[in-house]
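Single-structure report; data block below.
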Amino acid sequence: MKEIFCSILKIFAFLLALPLIIAFLLAFQTQILSLPVNKEVWVLWGAGSYIGLNLFVYDCKNVYDFGKSLVEKMFTFFKPAGYLVPIFTIFLIILYIIALILGRGTTLQHYFLFGIAFTLAMHLILTAHEIYHSDNSVLKAHYLLVFGAIFIANLFIMSLLLAWAIPEYSFLGFIKSLASHTAHLYSSVYRALFVDNS
């Protein structure tokens with residue numbers, strides 16, 4: 001009985017947070033699609049390539065597990081760090097910044113953007129799979145709530161780092177878009193539930 005009650009509470013919390021999760025996704029998407037076409041296309045190809053690879057060829061689970069274990073060893077005091085820190089993506093962004101400083105960033109830019117998007121997609125998809133399979137409940141309430149929080153944290157971290165690495169990616173623009181989408185989605189839900197449209 002207690003487990004069912006907890007599951008219901010988690011689903012309720014997830015439903016409350018769902019407009020915020022969607023707003024984060026839309027704000028991140030808005031910034032990616034506002035990049036110059038020569039950068040945007042490599043980001044989209046990177047994410048799409050991992051999705052295709054995961055579905056039809058190889059899911060890179062061993063690579064993901066290696067990165068996750070590295071993060072967990074670095075942050076032994078915080079167990080969820082392996083889910084929150086996309087280590088390979090961060091590593092590629094740091095390498096990209098170094099390449100820019102050394103004057104090689106422009107020639108290697110498309111490789112880095114492809115790799116950044118590829119590794120971020122890998123991290124999010126495999127994190128979702130792992131949390132999903134670790135939740136044995138029928139309703140998957142724990143999965144919904146926890147992955148929603150991880151998804152938000154990952155997009156926030158990536159927005160900070162991408163704003164550092166790509167001049168056209170605006171963190172301030174991301175925050176403004178996030179605030180706008182969040183207000184719109186919550187007001188739409190409120191109107192749908194509580195305002196009589198008749």
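Screening the stretch 120-142 for residues that are open to solvent by less than 20 Å² (accessible area, probe 1.4 Å) and among the β-branched types (Val, Ile, Thr) and picking the one that is farthest from residue 57 (Cα to Cα) gives 131.
Can you pull out every residue in the stretch 33-67 that is among the polar types (S, T, N, Q) and open to solvent by 40 Å² or more (accessible area, probe 1.4 Å)? Reasoning before the result, please.
Looking only at the stretch 33-67, we keep the residues that are among the polar types (S, T, N, Q), and these are 34, 38, 49, 54, 62.
Once the filter is applied, which keeps residues that are among the polar types (S, T, N, Q) and open to solvent by 40 Å² or more (accessible area, probe 1.4 Å), the stretch 33-67 yields 34, 38, 62.
Only residues that are open to solvent by 50 Å² or more (accessible area, probe 1.4 Å) and under 21 Å from residue 92 (Cα atoms) were counted across the stretch 1-32, and they come to 1. On the basis of being more than 14 Å from residue 39 (Cβ to Cβ) and touching a residue at least 40 places away in the same chain (Cβ under 8 Å), does residue 118 make the cut? So residue 118 passes the test. In the stretch 70-115, the qualifying residues are those that are more than 18 Å from the chain's Cα centre (by Cα) and outside any helix (DSSP H, G or I), and the one that is surrounded by the most Cβ atoms within 10 Å (Cβ to Cβ) is 75.
Just give me the residues in the stretch 161-198 being in contact with a helix residue (DSSP H, G or I) (Cβ under 9 Å, 6 or more places away or on another chain), open to solvent by 80 Å² or more (accessible area, probe 1.4 Å), at pLDDT below 90 and under 24 Å from residue 43 (Cβ atoms), in sequence order.
Pass one, the stretch 161-198, residues in contact with a helix residue (DSSP H, G or I) (Cβ under 9 Å, 6 or more places away or on another chain): 161-166, 168-186, 188-189, 197.
From what is left, the residues that are open to solvent by 80 Å² or more (accessible area, probe 1.4 Å) are 164, 172, 176, 184, 186, 197.
Next, from what is left, pick out any that are at pLDDT below 90: 164, 197.
If the condition is that a residue be in contact with a helix residue (DSSP H, G or I) (Cβ under 9 Å, 6 or more places away or on another chain), open to solvent by 80 Å² or more (accessible area, probe 1.4 Å), at pLDDT below 90 and under 24 Å from residue 43 (Cβ atoms), then 164 is the only one that fits.
The values are calculated or read from the model by the stated rules, or taken from the named source; none is laboratory data. It should be emphasised that the depicted structure is a prediction, and the values quoted were computed from it without experimental measurement. Ideal geometry is used to build each Cβ from the backbone, glycine not excepted, and the neighbour counts take in all protein chains shown. These accessible areas exclude ligands, DNA and RNA; they are computed on the full protein's heavy atoms, side chains included. Shrake-Rupley method; radii C 1.70, N 1.55, O 1.52, S 1.80 Å.
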